[in-house]
1. Tell me, what is the FRET efficiency for A152 and H35 to the nearest 0.05, using R0 = 45 angstrom and their Cβ-Cβ distance as r?
2. Looking at the calculated P(r) for the stretch 176-217, what percent of the C-alpha pair distances fall above 17 Å?
3. Just how far, in whole angstrom, is the stretch 1-72 from the stretch 171-226 if you go by their alpha carbon centroids?
4. Between the helical axis of 169-182 and the dominant principal axis of the chain, each derived from Cα atoms, what acute angle in degrees is found, rounded to the nearest 10?
5. How would you order 36-47, 59-70, 175-186 from highest to lowest mean count of nearby Cβ atoms within 10 Å?
6. Give me P(r) over the stretch 94-245, computed from all C-alpha to C-alpha distances, binned every 10 Å, as integer percentages.
7. Equivalent-ellipsoid semi-axes (√(5λ), Cα gyration tensor) for the stretch 1-46, whole Å, largest first?
8. So what is the calculated 222 nm ellipticity per residue for the chain, using -39500 (n - 2.57) for each DSSP H run with n of 4 or more, over all residues, to the nearest 500 deg cm²/dmol?
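Derivation of every value follows stated rules applied to the coordinates shown; laboratory data play no part. If you're wondering where the values come from, they're calculated on a predicted model, not measured in any experiment. Cβ sites come from the backbone with ideal geometry, for glycine too, and all protein chains shown count toward neighbours.
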Amino acid sequence: MRMRLGCELNYNFSVPTPMIVMLNVHYSRTSDLEHPDHLKVDPSVPVWSYRDSFGNWCCRLVAPVGPFSLGTDAVIRDSGEPDARDPYAIQHPVEDLPPDALQYLLGSRYCETDLLMDEAWRLFGHTAPDASRVQAIVDFVHNHIAFNYNDARNTRTASEAYAEGRGVCRDFTHLAVAFCRCMNIPTKYCTGYISDVGLPPPYATMDFAAWMEVYLGGRWHVFDPRNNQARQGRVLVAQGRDAADVPLTHTFGSNRLTGFKVWIDKISD
């Protein structure tokens, strides 16, 4: 199927402000784009691009004083198949993991494995060392945290989400990521688009979403603690250790966000 996807963010700046922007589709999906999803800015300013240490595509710019908008708009081809699942994928012993997976075992800014280690083993130590262990973690987190946009807080960590039992998709993901790492399962934090394809209406207002990838059976597998179901039309934008590695926009100075729109819509089979 073909989907149109993109976003528009509107700001107002009181002084010229440097920004790093991470809004482009991940390189693993760029061959599916019908045309490049170049970052568009208004008013026009120079934009420089680079790839960060996680392979994410980042854009640098200096936002001018006053109203400023930025975003992307593209058409992407997708198989239309839901997230692949392999219930028999095994957990690897730490000594057998590939070197590039090891950093995803460690604690990070929002995923404090040291604070959650004992609780993780109490809750999930009895589970089999395979995909069913990850699913048990996802089921627990999905039921433990109550979702509400009004409960969003950009400083909430995994341990705080566990204690408070509320939050948004990034909180679900941070807690599940931390629990998986406590159980010696390499886990990435991911952000991007999830379409409503295949779901019955009514649809909530579209937003960027967070999910995770875990390393099992020699490859990375998608799990979604917030939705806890395989979804169609999932498009990765960026991945890292936690939300601190993949902010949509990072402004080096004060700013006022005046508008925010996200879309991903099926346009044809």
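1. 0.85
2. 48 percent
3. The distance from the Cα centre of the stretch 171-226 to that of the stretch 1-72 comes to 23 Å.
4. 40 degrees
5. 175-186, 59-70, 36-47
6. Going from the shortest bin to the longest, the percentages are 12, 44, 35, 9, 0.
7. Three semi-axes, in Å: 26, 11, 9.
8. So the helix-based figure for the chain works out to -5500 deg cm²/dmol.
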